[in-house]
1. Of all residues in the stretch 114-134, which are small (Gly, Ala, Ser) and more than 8 Å from ligand 2 (Cβ to nearest atom)?
2. State which residue is farthest from ligand 2 (Cβ to nearest atom) when the search covers only the stretch 34-52 and only residues that are within 22 Å of residue 1 (Cα to Cα) and in contact with a strand residue (DSSP E or B) (Cβ under 8 Å, 6 or more places away or on another chain).
3. How do the strands (runs of 3 or more DSSP E) wholly within the stretch 11-112 filter down when requiring 1 or more residues that are within 15 Å of ligand 1 (Cβ to nearest atom) and open to solvent by less than 20 Å² (accessible area, probe 1.4 Å): which remain?
Amino acid sequence: MKLTINGKTHDVDADPDMPLLWAIREHVGLTGTKYGCGIAQCGACTVHVDGAPMRSCSVPVGAVQGRKITTIEGLAAGGTLHKVQKAWVEHEVPQCGYCQSGMIMAAAALLKAKPKPTDADIDAAMTNICRCGTFQQVRAAIHSAAKA
Ligand code: FES
Ligand code: FES
């Protein structure tokens, strides 16, 4: 099947029921998207499909053929960091970093849908789990990116 990831088309020879995350990491070789729980709970595997956040561990690859998939590697346009990535650097959000690509993708999708989110909007949208407890920095960085 053909997958469009970060603007490039990839031929992926895989079972249509295989999780999208496997196609991204193992077939296409983009390892910025992480495997955490595998059951759509933690958000480490968040990518955008047609601009909406999706937990790629729980989306069959056959369901996203012909759709526009963006991973963390494709978020920065033309070498310029996305405003969320800039805010993440400014607020020194990551600790171990494992959950952070999923966090950033979720935050970018939130700001696209709601350019000026409230704390309640952030809490509702950012259900990603961070074992290092970066939640306060995540919230501050999203508010900062919203002003950029
Ligand atoms: S690995 Fe997909 S939500 Fe946890
Ligand atoms: S930064 Fe370590 S799990 Fe989130």
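The values are calculated or read from the model by the stated rules, or taken from the named source; none is laboratory data. These numbers come from a predicted model, not from an experiment. Note that each Cβ is placed from the backbone with ideal geometry, even for glycine, and that neighbours are counted across all protein chains shown. Side chains included, ligands, DNA and RNA excluded: accessible areas come from the protein's heavy atoms. Shrake-Rupley method; radii C 1.70, N 1.55, O 1.52, S 1.80 Å.
1. 120, 124, 125, listed by residue number.
2. Keep residues of the stretch 34-52 that are within 22 Å of residue 1 (Cα to Cα), which gives 45-52.
This time we only want the ones that are in contact with a strand residue (DSSP E or B) (Cβ under 8 Å, 6 or more places away or on another chain), so: 45-51.
On the way: 45: 13, 46: 13, 47: 17, 48: 20, 49: 23, 50: 26, 51: 24 Å.
Looking at the filtered set, the residue picked out is 50.
3. On the way: elements: 46-49, 52-55, 68-70.
The strands (runs of 3 or more DSSP E) meeting that bar are 46-49, 68-70.
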